[in-house]
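What follows is calculated from the coordinates using simple rules that are stated; it is not laboratory data. Only a predicted model underlies this, so the values are computations on that prediction, with no experimental measurement involved. We place every Cβ from the backbone using ideal geometry, glycine too, and count neighbours over all the protein chains shown.
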Amino acid sequence: MIDAPASVPLWLLHDDELDAFHATQDERSATFLAEQGFKAERHRVLLIPDARGAIAAAVAGLGKRHGELSLWHVAGLPERLPARRFHLAQRFSGAQAEQIALGLAYGTYRFDRYRQGKAERGATIEPPAGIDVQPITRLIEALTLARNLINTPASDLGPEELAAAVRAVGERHGARVREWVGEELLTAHFPAIHAVGRASVRPPRLIELRHSPAPEQNLPRIALVGKGVCFDSGGLDLKTSAGMALMKKDMGGAAVALALAQLIMASRLRVELLLLVPAVENAVAGNAYRPGDVLATRKGLTVEVGNTDAEGRLVLADALALADAEHPELIIDFATLTGAARVALGPELPAVFGSDEHVVGEIVRAGVLVHDPLWPMPLWMGYDDELGSKIADLNNVASSGLAGAIFGALFLRRFVGGAAWVHFDLFAWNSKERPGRPVGAEAQGVRAVYRYLLERYGTLT
């Protein structure tokens, strides 16, 4: 029997800690560090050999000491270190230890469902000693769920498969799940969802999940709504091929909402949860809805279709109206809604709108604490009249080509009432390679909103 190699000590060093670290090393190791020119640059890794040439230790640079240590300082380590077992050579505590543990776990993610030879796994790095890993495990499971769903091609993730994912999460946590499918949407009065999805051979549906961790208690109710457009061709206002290239991710809002719902249930937050996912494919066929059509909605408002490629707000409208009728104290929707939000803020910074500035501010603050950045945007009512229509109550696009993200939010606002409402316009995708964040799905906003909800409501004992 061959003994498994021993765990290798791993040092995490800022540049101002390097001299002190040198002083602790024997002459051979100190000379090696000097010869390699290692300056603890962020994301740089150096393996220190022993006298036989085997790995004696590893050193990872954290760069200059600027701000708090975050998961992004270490998320790239599992892929930069060799496939060995490592343990942290220093002790960390509190928020630093949690961020390190989260980053090390986050960086192990691989989407290799379609690879014949599975991608080689990176290093195994033990989390900092003395922390409770259960909350981190729950968080990673939720983020992985969202990333896997977003990364899956539309050929394998249509409305039915998205519904199955919701049902699987619901069964795991004892939630009630129901669906309205195809023509049932008309009977149950969700006409906008039906109109957007009716041209696809995959029937549109609205998926509902309900959960209360303590039915005997009068817990506050919150509603999550996620845009589940499993593929967006643009409809009759057809996108270009380049515009369609990433449209498998147009259900990113639904994936984020489902991940957050799983996290809420697994953590037993003191809330009664309602999750709604309108799941459709915006396709082209003889029965597709057309520019100029006037659609009914669940709320009773009629909508003139100015553009069939502004379909996300239409399916969200029916879902938001249902959520609002349940009288929750908080409604949060997630959607990959507008390219305008990306023009304004880029792919890494989701836009946040809301009817309650205090709630929006607290969610943004929570995002800063957990290194999940968000940016508040104005729900500028001065633009609201530009959603007007000469033949219907409103149009699904504005007459102006400017301020598209604001117009999208203003449209959705028409379908909510007295509850505090927050709208996330997110990208849900990494468009460039960064340490620990490969090109592909990103579950934006989950950690920020969860931190806010945890602070606001707490958990059941």
| said: I need the fraction of alpha carbon pairs in the chain separated by more than 33 Å, rounded to a whole percent. | reply: 40 percent
| query | If you keep only loop residues by DSSP, which chymotrypsin sites (Phe, Trp or Tyr not before Pro) in region 38-120 have at most 16 other Cβ atoms within 10 Å of their Cβ? | reply | PHE111, TYR114
| field | Spatially near lysine pairs across the chain, Cα under 15 Å, sequence gap of 8 or more or different chains | value | 5
| remark: For the chain, the charge dipole (Cβ of Lys, Arg +1; Cβ of Asp, Glu -1; about the Cα centre) points to a positive end, and the Cα of LEU206, PHE86, GLY401 closest to that extreme belongs to PHE86
| field | Fewest-first ranking of ASP15, ASP425, using other Cβ atoms within 10 Å as the exposure measure | value | ASP15, ASP425
| Label points 7 Å out from Cα along the Cβ direction at LYS239 and THR24: separation in nm? | 5.0 nm
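Normalised by the number of residues in region 8-128, what is the relative contact order in percent for Cα pairs under 8 Å and 6+ residues apart?
In percent, rounded to a whole number, it is 28.
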| query | Among LYS239, LYS432, LYS299, LYS390, what is the fewest-to-most ranking by other Cβ atoms within 10 Å? | reply | LYS390, LYS432, LYS239, LYS299
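Provide the FRET efficiency to the nearest 0.05 for the VAL181-THR459 pair, computing r from the beta carbons and using R0 = 30 Å.
That pair, VAL181 with THR459, gives E of 0.30.
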| message | Please arrange HIS87, HIS327 by how many other C-beta atoms lie within 10 Å of their C-beta, fewest to most. | response | HIS327, HIS87
| message | Suppose we keep just the DSSP beta bridges with both residues in region 135-457; what percent of those would be antiparallel, to 5? | response | 50 percent
| request: Please work out the Cα center distance from region 117-193 to region 295-357, rounded to the nearest Å. | output: 21 Å
| Using alpha carbons only, how many degrees (0 to 90, rounded to 10) separate the axis of helix 404-413 from the longest principal axis of the chain? | 60 degrees
| remark: Taking the chain and counting helices only, DSSP H stretches of n ≥ 4 at -39,500 (n - 2.57) each over all residues, the nearest-500 ellipticity at 222 nm comes to -9500 deg cm²/dmol
